[in-house]
Amino acid sequence: VVPAIDSEHVSDNIDTVYEQIYGKFDCPIFVLHGRLPNDEKEKMMENFIYTPGSILLATTMIEVGIDIPTATLIGIYSAEHFGLSQLHQLRGRVGRSNLQSTCYLISEKEDVERLELLSKVNDGFKLSEYDLIDRGPGDFLGTDQSGYFKFNFLDLLTDYHILIEAQKNVSSLISKPDFKTNPAYKYLNKYITESLKI
């Protein structure tokens, strides 16, 4: 599995990894990514399933919904580009039968502590909590998927109950018929409209 189809920011993409492994293994290599037409994607999956010992070089589009009991080995290139939850989902593509299975995490960066956690923890919820602490929640009111948001007064894990209560209060407030016209809500309305693009 590679993090990108093609990218100048990620050296381990479909093309570069294909070049690295082509000819090194005496088996067919099938390539699967999101830019392929649907019929081609299906053909690649069928070829992989019905060709024992073959290699499927894919992007994260295989993260969910793939159940191939005979798949026993997965290598994830540039593992530092993935969150632990995503790595957990990807490693779940193998070991779906009684056959011995292995997941290799390949990383050029010093990422040992985080990746070791994945080898010790098999609970996806606990891994997602660690991701939240390690990578930040992103801007759940915006578009950033990692990092820390501007409003930094609460901890999403320990203050979750406060956030739920605040969500109820805000929902009640903005559903009032005069919310957009009442001068008392002028600045709140402006902030919500601008930050949520509503």
Using a Gaussian network for the chain with springs between C-alpha atoms less than 10 Å apart, which of these wobbles most: Leu163, Leu117, Leu32? Leu163
Ignoring everything except DSSP H segments at least 4 long, calculate the 222 nm mean residue ellipticity for the chain; use -39,500 (n - 2.57) per segment, divide by total residues, nearest 500. -11500 deg cm²/dmol
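Remind me, what semi-axes does the chain give for its equivalent ellipsoid, largest first in whole Å, using sqrt of 5 times each Cα gyration tensor eigenvalue?
Gyration-tensor ellipsoid for the chain: 42, 20, 16 Å.
No value in this document is a laboratory result; all are computed from the given coordinates. All of these numbers come straight from a predicted model, not from anything done at the bench.
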